[in-house]
Amino acid sequence: MHTQRMAVSVSVLALLTLAACGTESGSGFGSGDGSDTVQSDVPVTGVAWSVDSLTVDGKKTEAPAGSRLEIDPKGRAKAGFGCNHISADARVEGDRITFGKPVSTQMACDETTEKAEKAALAAMDGEVTAKLSGEKLTLTTEGGDTIALSEEKPAGLVGTRWAVNTLLSGETATSVPADLPKERVPHLTFGEDGTVHGNSGCNSFHGEAAVEGSTIDFGPPAGTRKMCPEAEMEVERAVLAALDGPATYTIKGSTLTVTSKDGKGIGATAAPAKSEGTQEHG
């Protein structure tokens, strides 16, 4: 089945460090103006949450690996299960979160992912109660449906195999096609010696990547020069555009975002590296 790529709007996410029983701003239903302040007994915003499972109508669905949910301080919730992007307005008051009607992109997904997405759309609609226990968070709807989550610990930039799943251009994000051949899914790994290597969607590459603070200065990449179908070449061009010269990066949980000075960028998810100490030339 041909997978349709959908462009979705990307909000600029701000990090917010909250203590339990602290405060959070921008609670208006998606207003994001920061004019209101509400008391939060459960610090849920600005945290990268890994979705463990969803239970809807008594049926528990294990979430696919890499599933995540985040509520930013501006009142926007975003969830992903490896295929479509789900978003909704979210108002946090005390231990209650009120979601607006969730919306989703419409890409075709595998059966397991589709099942999880449907469960999330049902649970992220209306008011839920948030209960935090250590690093575990449970969201429970009035009807008893639940989303079980765990706080994600930031992955390390160096030594992690980052699988690219999103292409960024200014305020727009486009999902990497899910039907790319497995060996052509773009990925990259940063080495302790200031290098980066991986696959850009068609060709393998390696190059310099000097990290300083929140900035990565990419040198000109070297690699193979194979030609691939246009869809794969289009992905490759977008990936290489993000890895060109100085760029900023952020890591939230298992998600890496790299953005170049001209607004081109990539979003990637952490996965175990297959061979940390070698470069890929195949």
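Since every read-out is calculated from the coordinates, none of them should be taken as a lab result. Owing to the predicted nature of the structure, the values given are computational and were not obtained by experimental measurement. Note that we place each Cβ from the backbone using ideal geometry, even for glycine, and neighbour counts take in every protein chain shown.
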Using label points projected 7 Å from each Cα along Cα→Cβ, tell me how many nm separate residue 225 and residue 52, to one decimal.
5.2 nm
At 7 Å along the Cα-to-beta-carbon direction for both residue 138 and residue 62, put a label point, then send me their distance in nm to one decimal.
2.0 nm
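Does segment 85-156 come out rounded, prolate or oblate, given a ≥ b ≥ c as the square roots of the eigenvalues of its C-alpha gyration tensor, rounded meaning a/c under 1.5 and, failing that, prolate meaning a/b above b/c?
On the way: a/c = 1.75, a/b = 1.22, b/c = 1.44.
Cα axes put segment 85-156 in the oblate bin.
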What nm distance separates the two modelled labels at residue 233 and residue 192, each placed 7 Å from Cα along Cα→Cβ?
4.0 nm
Is the shape of segment 125-282 rounded, prolate or oblate, going by the alpha carbon gyration tensor and its root eigenvalues a ≥ b ≥ c, with a/c under 1.5 for rounded and a/b larger than b/c for prolate?
prolate
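Suppose R0 equals 25 Å; then what is the FRET efficiency for residue 122 and residue 182 from their Cβ-Cβ distance, rounded to the nearest 0.05? Before the final figure, lay out each step's value.
Working: r = 31 Å, r/R0 = 1.25.
The calculated FRET efficiency here is 0.20.
With r as the distance between the Cβ atoms of residue 250 and residue 131 and R0 = 22 Å, compute the FRET efficiency 1/(1 + (r/R0)^6) and round to 0.05. Numbers along the way, then the final one.
Working: r = 28 Å, r/R0 = 1.29.
That pair, residue 131 with residue 250, gives E of 0.20.
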How about segment 191-232: which GluC sites (Glu not before Pro) there are in a DSSP loop, with at most 11 other Cβ atoms within 10 Å of their Cβ?
192
Qualifying GluC sites (Glu not before Pro) for segment 125-154 [loop in DSSP, other Cβ within 10 Å: at most 11]:
142
Label zone at residue 93, where the point sits 7 Å out along the Cα-to-Cβ direction: segment 115-133 residues whose backbone N lies under 13 Å:
127-128
